[in-house]
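These notes concern the structure reproduced below.
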Amino acid sequence: MLTLRPLSTKYSADISALAMRSKAHWGYSPAFMQQCAHELTYSKTQISHKDFHFIGAFSPSDSQALTPLGFYAIQRISSEKAELLALFVCPSVIGCGVGKSLLQHAISAAKSHHFKTMLIYSDPNAASFYAKHGAQRIGTHPSGSIVGRELPVYQIPLMPST
């Protein structure tokens, strides 16, 4: 069982480091990781901004809840559209359901904000995870960090079609 709760600005460095560890889990080179560092850094300003929603997953046995096991961030793109800006899990718990819990929570949170669609610019290694959980591939998009790299783009419809 996990405890999911909003993240305050004090977690900025922790979640940025967690994002880097999680991304590195896929075997990317140090040079690649260096190029991604800016994109995987979450500032206090960003965490506290009204257009972002950061949630951390904590072990219930961690009474101090000092370090999240994973986190997600949703960014408002428009009144109808959100982006799953981040979903990262500590490498030691990948495959243990933390990512699934975070994604389900993110979908519920996006629905509660009345978004109709949530976009996901996925790491290629995470693409099957999103597809397995109902995301529909809608194309590709250039990486914000690596020139020439294309990322799979997914969407999750949040409102029933009329």
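Could you list, in sequence order, the residues of region 41-55 that are in a loop (DSSP other than H, G, I, E, B) and either under 25 Å from Ile146 (Cα atoms) or of a type in the set (Lys, Arg) (or both)? Working first, answer last.
To start, the set of residues in region 41-55 that are in a loop (DSSP other than H, G, I, E, B) comprises 41-43, 49-51.
Answer for region 41-55, where residues must be in a loop (DSSP other than H, G, I, E, B) and either under 25 Å from Ile146 (Cα atoms) or of a type in the set (Lys, Arg) (or both): Thr41, Tyr42, Ser43, Lys50.
Give the residue that is farthest from Val98 (Cα to Cα), with candidates limited to residues of region 20-40 that are open to solvent by 80 Å² or more (accessible area, probe 1.4 Å) and assigned to a loop (DSSP other than H, G, I, E, B). Outline the logic, then answer.
We begin by selecting, within region 20-40, every residue open to solvent by 80 Å² or more (accessible area, probe 1.4 Å); these are 21, 25-26, 30, 34-35, 38-39.
With the extra rule that they be assigned to a loop (DSSP other than H, G, I, E, B), the set shrinks to 25-26, 38-39.
Values: His25: 15, Trp26: 17, His38: 25, Glu39: 22 Å.
For region 20-40, the residue satisfying everything is His38.
Can you tell me which condition Thr67 does not meet? The list is (1) closer than 30 Å to Met159 by Cα; (2) open to solvent by 20 Å² or more (accessible area, probe 1.4 Å), and all the others hold.
Evaluating Thr67 over (1) closer than 30 Å to Met159 by Cα; (2) open to solvent by 20 Å² or more (accessible area, probe 1.4 Å) leaves (1) as the failure.
Looking at region 122-137, which of its residues are over 19 Å from Lys23 (Cβ atoms) and not small (Gly, Ala, Ser)?
Answer for region 122-137, where residues must be over 19 Å from Lys23 (Cβ atoms) and not small (Gly, Ala, Ser): Lys132, His133, Gln136, Arg137.
Can you find a residue that is among the hydrophobic types (A, V, I, L, M, F, W, C), surrounded by 12 or more Cβ atoms within 10 Å (Cβ to Cβ) and touching a residue at least 60 places away in the same chain (Cβ under 8 Å) anywhere in region 105-123?
Within region 105-123, not a single residue is among the hydrophobic types (A, V, I, L, M, F, W, C), surrounded by 12 or more Cβ atoms within 10 Å (Cβ to Cβ) and touching a residue at least 60 places away in the same chain (Cβ under 8 Å).
Would you mention how many residues in region 77-104 are surrounded by 17 or more Cβ atoms within 10 Å (Cβ to Cβ) and out of contact with any helix residue (DSSP H, G or I) (no Cβ under 8 Å at 6 or more places or on another chain)?
5
Within the bounds of region 32-41, is there any residue that is among the aromatic types (Phe, Trp, Tyr) and within 28 Å of Gly134 (Cβ to Cβ)?
Of the residues in region 32-41, the ones among the aromatic types (Phe, Trp, Tyr) are 32.
Adding the requirement that they be within 28 Å of Gly134 (Cβ to Cβ) leaves none.
Scanning region 32-41, I find no residue that is among the aromatic types (Phe, Trp, Tyr) and within 28 Å of Gly134 (Cβ to Cβ), so the answer is no.
The values are calculated or read from the model by the stated rules, or taken from the named source; none is laboratory data. What you are looking at is a predicted structure, and each value in this text was computed from that prediction instead of being measured. Cβ atoms come from the backbone with ideal geometry, glycine included; neighbour counts cover every protein chain shown. The area values use the complete protein model at the heavy-atom level, side chains included, leaving out ligands, DNA and RNA. Shrake-Rupley method; radii C 1.70, N 1.55, O 1.52, S 1.80 Å.
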